[in-house]
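Let me begin by presenting the structure, written as structure tokens, before commenting on it.
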Amino acid sequence: MYLERKVDTELENWKKLSIRKPLVLRGARQVGKSSAIMNFATKFKYYIEINFDENPSYNTIFENDLDPISICEKLSVITNTPIVVGETLLFFDEIQSCIPAISSLRYFYEKMPNLHLISAGSLLEFALSEIPSFGVGRVRFLFMYPLSFEEFLLANNENSLIEVLNNAKTQKAIPYIFHQKLKTYLKKFLIIGGLPEAVKSYILNGDILETQRILDDLILSIQADFAKYKNRVSSSRIREVFNAVVHQVGTKFSYSYPNATLNNLQIKEALTLLEMAGLIYFVTHSACNGIPIGAENNPKKRKILLFDTGIFQRILGLNIAPLLIEDDINIINKGNIAELFVGIELIKNTSFYEKNQLNFWQRESKNSQAEVDYVIQKQDKLIPIEVKAGTKGAMQSMYLFLEEKKAAFGMRLSLENFSEMDKIKIYPFYAVKNVLS
């Protein structure tokens, strides 16, 4: 069973190009990179998959010769499959295990620009950091993440709900029956998360408890990978910092977390590795005085998000029953799962072709403290976004931002239906995509 992904359309568009750069699919382990490519392979007459992890002997093909024509000749003989331009898809999987193969990609573009060549790797970021100048302008990067909420609806064959959502505007609430149904799916999605294995299990069996067991397996797999990150950083350090991130989601990250055994430099190094692995996302403070928003970033003030709500709630051992039953996400974890969900949905619903960054705003003074959860840039405007885990809440910080930054309007994300009040556009949590469209 294959779960349809939005990246499928991007792959189809790339296939149709007359001259194309080799495609490098980047993203964390278990987000569905290999599955998407194998599904894409059905569009071709021939398909060759070279997995450098499963068969390290392939490395020898690239060690002494990076000429694409020579490489293709050898791969064709070894796999007994013809490599025909326009008819063959060549897939280099776990390419981080063969640095020469990464280096060869630029030559494929220069000498065989019509060949359909895709590469991927779950720890590819580490290899790319060792050869930072590789393939500049000669490869195309495509970033993948866990399933978005819209993709979760698609997996559940809720095409009509997706259409309702795509047409919704803040000027008018959607019918109550659709709003309730979308909230039900949202709650399930917060618990299951967007990792394909967990979603697929739910689609096939309808058993949320079984998805929790699968998430436990995935957590063990993620932690086992820590040993592969860097030889000079022990897996115990990575695990300690990873757990510290989980317990600080929704707040500014503090290096002085309980039972810390590491100094600030060691913690920063571990955070860098986790971010490179795609397991965490930084939300950086910006003064928000103009565009581009990143021009006034302050990396000393950061929140950190985990890459998946399912993994998040499972590590914390949250009681999932209230989340399914109650109509208030504040019931669990003081709403942090709501802020986490919104942040990662903002990332999932932006461009596939760049590594997206998130920002928040904070004002600290003796008489006036204020914080806006997220601030996004849309063309020449900065738009503040506040996350309210329930259906009510004061918005002093939002109004202070609007006044101080002369912003035209702000957005509130909550369990409410679509609506507007004063200078605030109100979106339901399930409509994060609408915020960006």
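The values are calculated or read from the model by the stated rules, or taken from the named source; none is laboratory data. Note that this is a predicted model, so its numbers are computed, not measured. In this analysis, Cβ positions are derived from the backbone assuming ideal geometry, glycine residues included, and neighbour counts consider all displayed protein chains.
Taking into account only those residues within the stretch 292-326 that are touching a residue at least 60 places away in the same chain (Cβ under 8 Å) and charged (D, E, K, R), which is nearest to GLU275 (Cα to Cα)? If we take residues in the stretch 292-326 being touching a residue at least 60 places away in the same chain (Cβ under 8 Å) and charged (D, E, K, R), then ASP308 is nearest to GLU275 (Cα to Cα).
Among the candidates PHE189, PHE152, the residue that is touching a Ser or Thr at 6+ places or on another chain (Cβ under 8 Å) and either aromatic (Phe, Trp, Tyr) or farther than 26 Å from GLN212 by Cα (or both) is uniquely PHE189. Please tell me if PHE178 is surrounded by 21 or more Cβ atoms within 10 Å (Cβ to Cβ) and in a helix (DSSP H, G or I). Criteria not met by PHE178.
Here the stretch 397-437 is the region considered, the condition is being surrounded by 18 or more Cβ atoms within 10 Å (Cβ to Cβ) and among the hydroxyl-bearing types (Ser, Thr, Tyr), and the residue that is farthest from the chain's Cα centre (by Cα) is SER397. Just one residue in the set MET38, MET112 is under 30 Å from LEU220 (Cα atoms), out of contact with any Lys or Arg (no Cβ under 8 Å at 6 or more places or on another chain), surrounded by fewer than 20 Cβ atoms within 10 Å (Cβ to Cβ) and among the hydrophobic types (A, V, I, L, M, F, W, C); that residue is MET38. Residue pairs whose Cβ atoms lie under 9 Å apart, sitting 6 or more positions apart in sequence or on different chains, and linking a residue in the stretch 207-227 that is over 15 Å from ASP308 (Cβ atoms) and free of Cβ contacts under 8 Å to residues at least 24 places away in the same chain to a partner that is of a type outside the set (A, V, I, L, M) and assigned to a loop (DSSP other than H, G, I, E, B), are PHE226/SER234; ALA227/SER234. Hey, can you tell me all the residues within the stretch 236-250 that are over 17 Å from ALA28 (Cα atoms) and in a helix (DSSP H, G or I)? Once the filter is applied, which keeps residues that are over 17 Å from ALA28 (Cα atoms) and in a helix (DSSP H, G or I), the stretch 236-250 yields SER236, ARG237, GLU240, VAL241, ASN243, ALA244.
Just checking, does the stretch 268-285 include any residue being in the same structural domain as LYS230 (by TED's automatic domain parsing), at pLDDT 90 or above, over 16 Å from the mean Cα position of the chain (by Cα) and not in a helix (DSSP H, G or I)? Yes; the residues of the stretch 268-285 include at least one that is in the same structural domain as LYS230 (by TED's automatic domain parsing), at pLDDT 90 or above, over 16 Å from the mean Cα position of the chain (by Cα) and not in a helix (DSSP H, G or I).
I'm checking my understanding of the structure. Among residues of the stretch 231-272 that are in contact (Cβ under 8 Å) with a residue 60 or more places away in the chain and touching a helix residue (DSSP H, G or I) at 6+ places or on another chain (Cβ under 6 Å), which one is surrounded by the most Cβ atoms within 10 Å (Cβ to Cβ)? The extreme case among them is VAL249.
The number of residues in the stretch 413-437 that are part of a loop (DSSP other than H, G, I, E, B) and touching a Pro at 6+ places or on another chain (Cβ under 8 Å) comes to 4.
Here's a check for you: in the stretch 398-437, which residue that is among the hydroxyl-bearing types (Ser, Thr, Tyr) and modelled with pLDDT of 90 or more is farthest from GLU163 (Cα to Cα)? So, considering only residues that are among the hydroxyl-bearing types (Ser, Thr, Tyr) and modelled with pLDDT of 90 or more, the one farthest from GLU163 (Cα to Cα) is TYR399. In the set (1) under 30 Å from ILE222 (Cα atoms); (2) out of contact with any Phe, Trp or Tyr (no Cβ under 8 Å at 6 or more places or on another chain), PHE92 fails one condition alone, (2).
Tell me yes or no: at least one residue of the stretch 129-149 is part of a helix (DSSP H, G or I), over 30 Å from MET1 (Cβ atoms) and either modelled with pLDDT of 95 or more or among the aliphatic types (A, V, I, L, M) (or both). Within the stretch 129-149 (the criterion being part of a helix (DSSP H, G or I), over 30 Å from MET1 (Cβ atoms) and either modelled with pLDDT of 95 or more or among the aliphatic types (A, V, I, L, M) (or both)), the answer is no, since none of the residues qualifies. Evaluating SER119 against the criteria (1) in the same structural domain as MET276 (by TED's automatic domain parsing); (2) of a type in the set (S, T, N, Q); (3) under 30 Å from PHE52 (Cα atoms); (4) surrounded by 15 or more Cβ atoms within 10 Å (Cβ to Cβ) leaves one unmet condition, (1).
Listed here are the residues, each with its yes/no results for (1) among the acidic types (Asp, Glu); (2) at pLDDT 90 or above; (3) surrounded by 19 or more Cβ atoms within 10 Å (Cβ to Cβ).
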{"position": "GLU326", "(1), (2), (3)": "yes, no, no"}
{"position": "ILE331", "(1), (2), (3)": "no, no, no"}
{"position": "ALA338", "(1), (2), (3)": "no, yes, yes"}
{"position": "VAL342", "(1), (2), (3)": "no, yes, yes"}
{"position": "LYS355", "(1), (2), (3)": "no, no, no"}
{"position": "PHE360", "(1), (2), (3)": "no, yes, yes"}
{"position": "VAL372", "(1), (2), (3)": "no, yes, yes"}
{"position": "ILE376", "(1), (2), (3)": "no, yes, no"}
{"position": "ILE385", "(1), (2), (3)": "no, yes, yes"}
